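Structure, as C-alpha cells:
The values are calculated or read from the model by the stated rules, or taken from the named source; none is laboratory data. None of these values were measured; they are calculated from a predicted model. Cβ coordinates were reconstructed from backbone atoms using ideal geometry, including for glycine residues, and neighbour counts include every protein chain displayed.
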Amino acid sequence: MRFVCLLPLLAVFALAQQHGTDPVQLDNGARLYSSTCSVCHGPDGDQVSGVELKRGQFRRAATDDELAKIIQLGIPGTAMPPNNIGSGNLVALVAYLHAMRDFKTKKVALGSATAGGALFAGKGGCTGCHRVAGTGSHMALDLSDVGAVRTPSYLEDALLEPETANLPQHRFIRAVTKSGETVSGRRMNEDTLTVQIIDSKERLRSLEKAELKSYEIETASRMPSYRDKLTAAERADVIAYLVSLKGGAR
C-alpha cells in the first residue's frame with residue numbers, strides 16, 4: 001500500500017475562499033503537486049535543502065513569474081527538471097504552492113487498483129449508479145476519467161462524507177407536472193425555461209418549467225457513506241482504482 005499527501009476536500013474550499021482562488025483550480029494544483037513535485041520536494045515541500053514550499057521559501061524565485069519559469073524550464077545543472085505543464089495548470093500549481101502553507105496535508109492510502117475494481121463492481125455496488133468505460137448506470141456521474149480530474153483526497157472524502165462531494169450541478173431534482181406526473185432524477189443541465197435530467201429509468205428528459213406544478217432540488221446526497229460499508233483497506237483499493245481511471249482505453 002502506498003500513500004499520497006493532499007489537502008482534504010473541505011480544506012480546499014476553505015483555502016480557496018481565503019485566497020480568493022477557484023476551488024477547482026486549487027484542487028487541480030494539489031493534484032499536479034502530488035504527481036509532479038512531491039517525489040522530490042515531499043508532501044510538505046521541505047525535502048530539498050534551502051527550499052521550504054509551505055513557508056514560501058524559494059531559493060531562486062522572488063516573484064510568481066520567476067517561480068512559474070523555474071517549474072516550466074527547470075534549473076540547468078541541478079536536479080530540478082523542466083516540466084511540460086500548460087499555462088492553465090501552471091497557474092493552478094503556483095496558486096497551490098502559495099496556499100499549501102496554510103493547511104496541513106493528510107495522507108491518503110492507495111491500495112490495489114485491481115482489487116478496487118472488483119470492489120467497485122461487486123461489494124461496493126457502485127455500478128448500480130455510476131458508469132465506467134460504458135459499463136454501469138447513468139443515474140450518477142460517469143467516472144471513466146475521474147482519476148484525471150479529481151485528487152485522491154477528494155475521492156476519499158467522497159467515500160467517507162458524500163455530502164462534501166455533492167456539487168450543486170449534479171444534484172437530483174423532484175418535479176411534479178401540471179398533469180400530476182412526478183418526475184425525479186439527476187440534473188444534467190438547466191436554463192431559464194427548461195431543465196434536463198436523467199430520470200429513474202435512465203431516460204434523458206427535458207422538462208419545461210412552465211408546465212411544472214412544483215420543482216425541488218435535493219440538497220442531500222443520495223450516495224451512501226462507505227465508512228462502515230468498506231474496511232479501510234478496501235477503501236484504499238477503491239481509491240486506487242478510481243485514481244487509475246484516466247479516460248480512454250485501459
- Message: Checking the conditions here, which among 159, 155 is touching a Phe, Trp or Tyr at 6+ places or on another chain (Cβ under 8 Å), surrounded by 12 or more Cβ atoms within 10 Å (Cβ to Cβ) and under 15 Å from residue 140 (Cβ atoms)?
- Response: 159
- Regarding residue 79, is this residue buried (at least 19 other Cβ atoms within 10 Å of the Cβ) and in the same structural domain as residue 51 (by TED's automatic domain parsing)? no
- Yes/no for residue 100 being in contact with a Lys or Arg (Cβ under 6 Å, 6 or more places away or on another chain), at pLDDT below 90 and aliphatic (A, V, I, L, M): yes
- Note on the structure: Of (1) closer than 30 Å to residue 203 by Cα; (2) touching a helix residue (DSSP H, G or I) at 6+ places or on another chain (Cβ under 8 Å); (3) surrounded by 15 or more Cβ atoms within 10 Å (Cβ to Cβ), residue 137 satisfies every one except (3)
- Have a look at 108, 195 and point out the one that is of a type in the set (Val, Ile, Thr), more than 19 Å from residue 27 (Cα to Cα) and surrounded by 18 or more Cβ atoms within 10 Å (Cβ to Cβ). 195
- Query: Counting just the residues of region 179-221 that are in contact (Cβ under 8 Å) with a residue 60 or more places away in the chain and of a type outside the set (Asp, Glu), which one comes out farthest from residue 125 (Cα to Cα)?
  - Reply: 198
- Item | Which numbered condition residue 239 fails, given (1) at pLDDT below 90; (2) in contact with a helix residue (DSSP H, G or I) (Cβ under 7 Å, 6 or more places away or on another chain); (3) under 18 Å from residue 126 (Cβ atoms); (4) outside any loop (DSSP other than H, G, I, E, B) | (1)
- Message: Checking residue 127 against (1) over 30 Å from residue 40 (Cα atoms); (2) without any contact (Cβ under 8 Å) to a residue 24 or more places away in the chain; (3) not in a helix (DSSP H, G or I), only one condition comes out false. Which one?
- Response: (3)
- Considering every residue within region 201-213, establish whether at least one is on the phi > 0 side of the Ramachandran plot, surrounded by 13 or more Cβ atoms within 10 Å (Cβ to Cβ) and part of a loop (DSSP other than H, G, I, E, B). no
- Item | Scope region 140-196; condition in a loop (DSSP other than H, G, I, E, B) and basic (Lys, Arg); matching residues | 150, 171, 178
- Message: Condition first: of a type in the set (Ser, Thr, Tyr), without any contact (Cβ under 8 Å) to a residue 24 or more places away in the chain and more than 28 Å from residue 38 (Cβ to Cβ). Can you find one or more residues in region 130-146 that meet it?
- Response: yes
- Item | Within region 6-50, tally of residues that are at pLDDT below 75, surrounded by fewer than 19 Cβ atoms within 10 Å (Cβ to Cβ) and outside any helix (DSSP H, G or I) | 3
